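Nothing in this text is a laboratory measurement; each read-out follows from the coordinates by a stated rule. This structure is a prediction, so every number in the text was calculated from the model and none was measured. No Cβ is skipped: glycine too gets one built from the backbone with ideal geometry, and neighbour counts run over all protein chains shown.
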Amino acid sequence: MAGARAQMTLTFEQARECVLRETRAAGDIEQIALGDADGRVLAEPIHADRDYPPFARSARDGYAVRSADLPGTLRIIGEVRAGEVFSGSVGAGEAVEIMTGAPLPAGADQVIMIEHTRREGDRVVIDRPAKTGDNFNPRGVEAAAGAAILESGKRLGFTEVALLAMVGKQCVPVYRRPRVAILPTGDEIVEAGVEPQEFQIRNSNAWSLAAQVRRAGGVAEMLPVARDNYESTRMLVERGLESDLLLLSGGVSAGKYDIVEKVLADLGATFFFDRVLIQPGQPLVFGSARGKFFFGLPGNPASTMVTFEIFARAAVEKMSGATPTLPLLRAKLTREFHHKTGLTRFLPATLSADGATITPQPWQGSGDIAALARANCFLVADADRESWNAGDDIRVLMK
């Protein structure tokens, strides 16, 4: 509803579904140089400009032969290396020495690996039986000319960049990265380079959010800290709503000075939910105002990090043109685990190097950044299950 406090509590699954349903891709497309494409999201399908490989290509060093002549002793009539073409053809009783990557000579239908041959002067002895099609890649087997090799919405990594280079793409059409404003709130917050007084804390949330935004494919724009008064908060919220997405950290609980929702309501906001049955991160607000989406994230560091990963990250990914993902795995607990039902909990844990087992880590609550840094994942405890034994499977959210 617009202009009022939502009072809408959702489960973890319902809240994520709501974010995915409401947010949408920004849709703006830009052309960038191939060297800048890593991490961006492709905006148009890419098609092969020719067959790949464009010729029958040897996959081994050895001899190009006719299967009909094997086993046998064959006369070597030449050689061909990568970057060359053998001008003749392989006839009965003949072989051409061939290197990896070279075009298969006409007449040959097999490459015999050099390890399986014995050379005697200008002859090669091959005792192996015929296997037509062995050790070469036929023309077009990887991709036929005109075939779609990359689909729109694909996030580009090093393999995709190589593929783009292979088909001659020096410029790449990608979706514009969404601009994400980050607005920390609270009178107790000072900047990272400031020596805090006893009652103050440094602004860690804005920095963690900026890193998370960049990992999700957005451009982070850090705003000054909004103080716990209406005027400061409104001015900076209005500034934040000039970006594609606004992330507020803190000020969304029910305290006397938690005024973020009032400011948003006065700006005509529509609230989709304002509480989620998770821990950490219950007081979580999601909505839209002035045509832009916003999240009011809880102020405790673990709450901020977790709620971004499971909700706001999906919005950034979708707005950047990518398909949102949630990297949930399963692993076996190394010891018993118990919790009170009713909330889905995301707790710091350590996943073994092989990904097989997970160990919950001790922590002192959602302000314990040191424990979060020691952990390499979050244990995900289902809201409707009270206990797990050692060896039981449990869900894992990767950091």
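Numbers at a glance
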| item | result |
| --- | --- |
| DSSP bridge pairs, the chain: antiparallel proportion in percent, nearest 5 | 65 |
| 15 Å beta-carbon shell around R374, net charge (K/R +1, D/E -1) | 0 |
| Peptide ranges 191-197, 117-123 listed from the most packed, as the mean C-beta count within 10 angstrom indicates | 117-123, 191-197 |
| Convex hull per residue volume in Å³, alpha carbons only, for segment 205-309 | 91 |
| GluC sites (Glu not before Pro) lying in DSSP loop within segment 213-296, provided at most 13 other Cβ fall within 10 Å | E242 |
| Equivalent ellipsoid semi-axes, segment 57-137, via Cα gyration tensor eigenvalues times 5, rooted, Å | 17, 13, 12 |
| Calculated from backbone phi, Karplus (6.51, -1.76, 1.60) coupling profile of segment 47-60 in Hz, x at Gly/Pro | 10, 5, 7, 6, 5, 10, x, x, 8, 5, 10, 5, 9, 9 |
| Phi-based couplings in Hz for segment 311-319 (Karplus 6.51, -1.76, 1.60; Gly and Pro marked x) | 10, 5, 4, 4, 5, 4, 4, 5, 5 |
| Listed peptides 176-184, 46-54, 27-35 by packing density, highest first (mean Cβ within 10 Å) | 176-184, 46-54, 27-35 |
| Pairwise centroid distance, computed over Cα atoms, of segment 124-140 with segment 36-73, Å | 15 |
| Selection from T73, C18, P298, by position along the positive dipole direction of the chain (Cβ) | C18 |
| Of all DSSP beta bridges in segment 193-308, antiparallel share, percent nearest 5 | 60 |
| Alpha-carbon centroids, segment 189-233 and segment 263-281: separation in whole Å | 20 |
| Rounded to the nearest 20 debye, dipole of segment 256-368 from Cβ charges on Lys, Arg, Asp, Glu | 160 |
| Mean shadow area of the chain, taken as a quarter of the surface of its Cα convex hull (nm²) | 26.6 |
| Segment 214-319: trypsin sites (Lys or Arg not before Pro) in DSSP coil with no more than 14 other Cβ atoms inside 10 Å | K256, R290 |
| 5 angstrom amide H check on V219, placed H, neighbours 5+ away | R179, V180 |
| Antiparallel content of DSSP bridges confined to segment 57-137, in %, to 5 | 75 |
| By average C-beta atoms within 10 angstrom, highest first, the peptides 89-100, 384-395, 327-338, 297-308 | 297-308, 89-100, 327-338, 384-395 |
| Hypothetical label at A68: residues of segment 100-133 whose amide nitrogen lies under 16 Å (7 Å Cα-Cβ projection) | 106-110, 130-133 |
| Contact order normalised by residue count of the chain, Cα under 8 Å, 6+ apart, percent | 18 |
| Net charge contributed by nearby residues that have their C-beta within less than 13 Å of F55 (K/R +1, D/E -1) | 0 |
| Segment 185-276: relative contact order in percent, alpha carbon pairs under 8 Å with at least 6 residues between | 25 |
| Loop chymotrypsin sites (Phe, Trp or Tyr not before Pro), segment 190-252 (other Cβ atoms within 10 Å of the site Cβ: 16 or fewer; DSSP) | F199 |
